[in-house]
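Heads up: the structure comes next, in structure tokens.
The values are calculated or read from the model by the stated rules, or taken from the named source; none is laboratory data. Because the structure is a prediction, the values reported are computed rather than measured. FYI the Cβ positions are ideal-geometry reconstructions off the backbone, even for glycines, and counts take in every protein chain you see. For the accessible areas, the whole protein counts, side chains as well, though only heavy atoms, and no ligand, DNA or RNA atoms are used. Shrake-Rupley method; radii C 1.70, N 1.55, O 1.52, S 1.80 Å.
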Amino acid sequence: MSESSAPHPTGFAPGATARDPVIDLVRVLCVALVVVGHMLMIGAAVVPGRGLVVERTLLETNWIGPVTWIAQVMPLFFVVGGFAGIGAWRRLEASGGSAADFIRSRILRLARPSIALFAALALAILVMHLTGVDPVAVRLIGMGISSPLWFLAAYAFAQASLPGLATFHSMAPWRTLATLAAGALTFDVLRFATGIEALGLLNMTFVWLFVQQLGFWMADGWFRARSKVIVAAIGGSAYLLLVGLVGIGYPGNMLDNLNPPTFAIVALAVGQTCLLVLVHPALARLMTVRVVRAVVATVGSRLMTIYLWHLPVLALVIGLLLLTPLPSPSAGSAEWWLTRPVIFLVMVGVLAGISMLFGRLERPLPSHGNRVPDWSAGLAAACMVVPPFAVIVFGLDFVVAASSAILLTAAVLLLRPLPARLRERGPTTVAL
């Protein structure tokens, strides 16, 4: 991989291991866009004779498809996660840390906030059943509030795989990237040819690992070594590829390519990465503003909590409004759109309170110099991935929510560092 040590307007210093404030800003902006998008997407009303009707309002508009080519930012979140992750891994490795130590830190940041969410969801579902809420309504609510949880499975798997993929990247960056892209395309072909939709779930590995890998290339300075014209040409080619994919049958709305992910997300991720590289200097200047830095630091320290809770909070706000005598405008009407700013402000207030309560669960736990065994880190990663994957496959009900909280608790317990005196006694003593 060619690199350049000269200053370049596209940013991202080659081989950098220090944190880039722009990456923190982009992560906050990505989650903010997701929260706003879901607020605009979901509408609910009680219709006589039909009961609770949940509508995906935003998806029914004619203009949303092209907008998602930019506004569907989950690929970008995985890109910046790869950039930040490989920097953290290199710093840890340089200080003598192991892959298990890296996995421990990543899984704890995801598992601890998730325990609170799944426990609360299990309790809420149980209360709804005990108070006589229509089971169909409970199922619809569960489907609505659990839709973003696929992210936990994909992101946890990607981060747990990061040390190994960083090694492949250092040895054969092009071959690694090409293999992941080929895997994503292969499973798309198999899925579309056979009609077996379950094959698409396998692309939660190939697609998101490819996207994360783009963050490695950014961190190594590959994009920095190219001129703005070359970066723009690569991004433009990626979007042209996306046009071609839509032309042969891929959905034109990128939201429909997300779960399960398709090869279209690969093309979208390349295009968005190039856009990020091109606007990096402007975002870097924005991060020199003290107020912006303060907001990014505050929100960024509670980002996972905000992501996990934003849809349950939206469902709660909408549900309480439906119980009041206030008029309930039909989803998509002019009156409905005018209520969105009020709904957003209420959501922000509730999320601020929840993030103050549960945001501390995102703080890193000290290891006190003790290490986590490899088997323990691997098993904890599995306990982290299984719950959100179960939600994808089976939906969200009481059993899934409660068992998920238990598995996530097990993940946290498995990541408790072993004291050095126990590690030195060998496997037999530890097994006891």
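Remark on residue 220: its backbone amide H falls under 5 Å from those of 15, a criterion applied only to residues 5 or more positions apart or on other chains, H modelled at 1.01 Å from N.
Computed over protein heavy atoms with a 1.4 Å probe, the carbon and sulfur contribution to the accessible area of the chain reaches 70%.
Residues of the chain were split at every exposed loop site, defined as trypsin sites (Lys or Arg not before Pro) in a DSSP loop with at most 14 other C-beta atoms within 10 angstrom, and the longest piece left, sites excluded, is 51-424.
Computed with a 1.4 Å probe over protein heavy atoms only, the accessible area of residue 38 comes to about 30 Å². Ranking 351, 199, 126 from most to least accessible surface, computed with a 1.4 Å probe over the protein chains only, gives 126, 199, 351. The 1.4 Å probe gives accessible areas that order 412, 348, largest first, as 348, 412.
Solvent-accessible surface of the chain, taken per residue with a 1.4 Å probe and all protein chains present: 46 Å².
Counting Lys and Arg as +1 and Asp and Glu as -1 over every other residue whose Cβ lies under 13 Å from the Cβ of residue 245, the net charge comes to -2. Taken one residue at a time, the phi angles of the range 92-109 give Karplus couplings (6.51, -1.76, 1.60, θ = phi - 60°) of 5, 5, 5, 8, x, x, 10, 4, 4, 5, 5, 4, 4, 5, 6, 5, 4, 5 Hz. Gly and Pro are set to x.
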